[in-house]
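Structure first, commentary second.
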Amino acid sequence: MALKVFNTLGRKLEEFVPLNPPNVGVYVCGPTVYGHSHLGHAKSYVSFDAILRWLRYSGYNVRYIQNITDVGHMTENDEDAGEDKIIAEARRRGLHPAAVAESFTRSYFEDMDALSVLRPDISPRASGHIPEQIECARKLLEKGHAYEVNGSVYFDVSSFWKYGRLSGRSVEDMEAGARVEVNPEKRHPADFALWKRAEPGHIMRWPSPWGEGFPGWHLECSVMSQKYIGDTLDIHGGGIENQFPHHECEIAQGECTTGQPFCRYWLHNNMVTLNGQKMGKSLGNSVFLKDLFHTTEPLRDRDGNVLVEKSFEPAVIRHFILTSHYRAPLDFSNEALKAAEAGSYKLRDAVRELSRAARRAAQGPKVQGSQGPSTDAPRPLGPSAPRPLAAAPNATALEQCVASATSDAVRTALADISRRFSDAMNEDFNTAAAVATVFDFARQAGAWIRDGAPAGDLLAADTLMQALVGDVLGLRWQDTLGGAAAEAERNALIQILVDLRNDARKAKNFALSDQVRTRLATLGIELKDGPTGTTW
RNA sequence: GGUGGCGUGCCCGAGUGGACUAAGGGAGCGGAUUGCAAAUCCGCGAUUCAUGGGUUCGAAUCCCAUCGCCACCUCCA
């Protein structure tokens, strides 16, 4: 079945045909780095990560670009009256704006790494592409799509007939609905800034043909996507709230510069709500990912109401996000998260059990054919450890794996699972149906293990499971034994044995108590009975 | 006010004209297993898809109206 995607341009499912197969150029709007990432970022980037993984799994050679906005994104009201978000945060913290951007860029990648979101191939910074943006504005002026007023350059929306086509609105409608006082420099209220004159005291500023200033927010995305992908993108992704005006402006800039279609497929992901309510800074109910992953006490909103009772590991959050569709809104609540956690751990245990059973059946710790990443020992996630893309399994390799199953019944079952999974993902990346499929798979695999299926069956099943769950869905749970947690658990386990041994000593069951001491000693753990108790 | 979208069991959430006697997860109940638990396994659970009309041989799926919710029109993933 061919891959179909819902294209916002045209608002319907379309077969996905890249411009230059097998190459696919994907651009997704990245974060403005003026604060820590929250649940909204998680939904957006986990969704697109699943999309990227599926494209690669399907055999496409994907180049994935995601910008880091570190300049020019204005706060509230008309963009011309607002303030640069990063500069505002820098003033609050007493830092240089670039330091704020740097710090939150790191924070963003840290959170995304935790969620197993694969890093983009290129993460261009807006501030690193000032010359390119100036050049673009210059070209647009030259072609009559823009005009300069007092050191600022504005795009003239009346010069681009397609303006409004993506979001389905007309320039006339917008004029009628304008709520904000219009910047008198603009010829039309819908015109937007390509370059802004920097007022005295504005820190982030660059020289330009129009004097010192800084780029308008929309410009970076057109410029950087076209620089790294080409005139026409295959896929542009982003949040639905940016459909207008941001993406509309990108199209206008991109197409008026090159005369080529800017992007073939526009994918928009939906928003998250929290207990049925919009999540937002102004509502005081934002949930930041770092808090959600690590908190030791309930997270509360501004009024002290509990939003989330406890912490959840990143894989559980990812799992929850993947059980819904990227185009549908997703409601977070404590209850929903707990349910997702229970389900996710059930899947985790089944996946690990299959892995162990396959290894056992093959009678060796290291097993050929099970090269998939072991969920027992997740590969380290960190700045320098993105998945080597060349090693990622693809559909063809998986077919061979399925065919390698020993018995006809299992081979048929695996082929069926594989097909259901693919059909789901090919239908506009229906991760919810894909997750349902792997749950069914896990249940069947449990039966095979109990019925003593031959090694060939279990190995084939394990390889397929690792590929679907670990590589495509990207679910990598924390190892329950690791680092400080492992140390604490080890000590707790020894304490249990010590307590039982002391019970035995009190009951004068010295045979048993000595056995405990001897056997621990063989593990290098020496027990010492002192007046205040037993130590080791 | 304008534009776009959504409303599926106790909860989350797939399904968008006939294979729906509506997926999957959570919670619940019954059973198997168990010294007791946990885990696991099997089974049950929406005659119904916000409400009311309509189109159709046939609708959760299409159309209209009403109610509720969300997004965008001003920054937000």
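None of the figures in this text is laboratory data; all of them are computed from the coordinates on show. Nothing here was measured: the structure is a model prediction, and the numbers come from that model. So basically every Cβ, Gly included, is an ideal-geometry build from the backbone, and we count neighbours across all protein chains shown.
The relative contact order of chain A comes to 16 percent, based on Cα pairs under 8 Å that sit 6 or more residues apart. In terms of surrounding Cβ atoms within a 10 Å radius of their Cβ, A:Trp448, A:Trp54 rank from fewest to most as A:Trp448, A:Trp54. Restricting the trypsin sites (Lys or Arg not before Pro) of the range A:467-536 to loop positions (DSSP other than H, G, I, E, B) with no more than 12 neighbouring Cβ atoms within 10 Å leaves A:Lys508.
Available extension along the chain between A:Lys4 and A:Ala339 is 117.5 nm, counting 0.36 nm per residue and deducting the alpha carbon span. The calculated FRET efficiency for the pair A:Leu283 and A:Thr258, based on their C-beta separation and a Förster distance of 30 Å, comes to about 0.15. Label-to-label distance for A:Ala433 and A:Asp499 is 5.1 nm, based on points extended 7 Å past Cα in the beta-carbon direction. Expressed as a fraction of 2.2 N^0.38 Å, the value expected for a compact globular protein of N residues, the C-alpha radius of gyration of the range A:486-535 is 1.10.
Between A:Asp451 and A:Asn23, what FRET efficiency comes out of the Förster formula 1/(1 + (r/R0)^6) with R0 = 45 Å and r the beta carbon distance, rounded to 0.05? It comes out at approximately 0.50. Separation of the range A:301-319 and the range A:409-423, taken as the distance between their Cα centroids, equals 35 angstrom.
Summary of packing: across the peptides A:59-67, A:197-205, the per-residue average of other C-beta atoms within 10 Å ranks them, highest first, as A:59-67, A:197-205. Taking only the alpha carbons of the range A:18-269, we obtain Rg and Dmax values of 17.7, 52 Å in that order.
Remark: spin-label model distance A:Arg91-A:Thr532 equals 5.7 nm, labels positioned 7 Å along the Cα→Cβ axis. Pairs of alpha carbons in chain A separated by more than 41 Å make up 33% of all such pairs.
Bridgeable aspartates and glutamates around A:Lys43 (alpha carbons under 13 Å apart, same-chain partners fewer than 8 residues away excluded): A:Asp111, A:Asp331.
The DSSP beta bridges internal to chain A are antiparallel in roughly 55% of cases.
Highest mean packing first, where packing is the average number of other Cβ atoms within 10 Å per residue, the peptides A:268-281, A:147-160 line up as A:147-160, A:268-281. Taking the C-alpha atoms only, the angle from helix A:483-506 to the longest principal axis of chain A is near 20 degrees. In terms of other Cβ atoms within 10 Å, A:Leu3, A:Leu13 run from fewest to most in the order A:Leu13, A:Leu3. Cross-linked pairs A:Lys281/A:Lys310; A:Lys4/A:Lys186; A:Lys143/A:Lys278; A:Lys310/A:Lys506; A:Lys186/A:Lys290: Cα-Cα separations exceed 30 Å for A:Lys4/A:Lys186; A:Lys143/A:Lys278; A:Lys310/A:Lys506; A:Lys186/A:Lys290. Among the trypsin sites (Lys or Arg not before Pro) in the range A:286-330, those placed in a DSSP loop whose Cβ has at most 11 other Cβ atoms within 10 Å are A:Arg302. Spin-label pair A:Leu523-A:Asp231: with each label point 7 Å from Cα along the Cα-Cβ axis, the two points sit 6.9 nm from one another.
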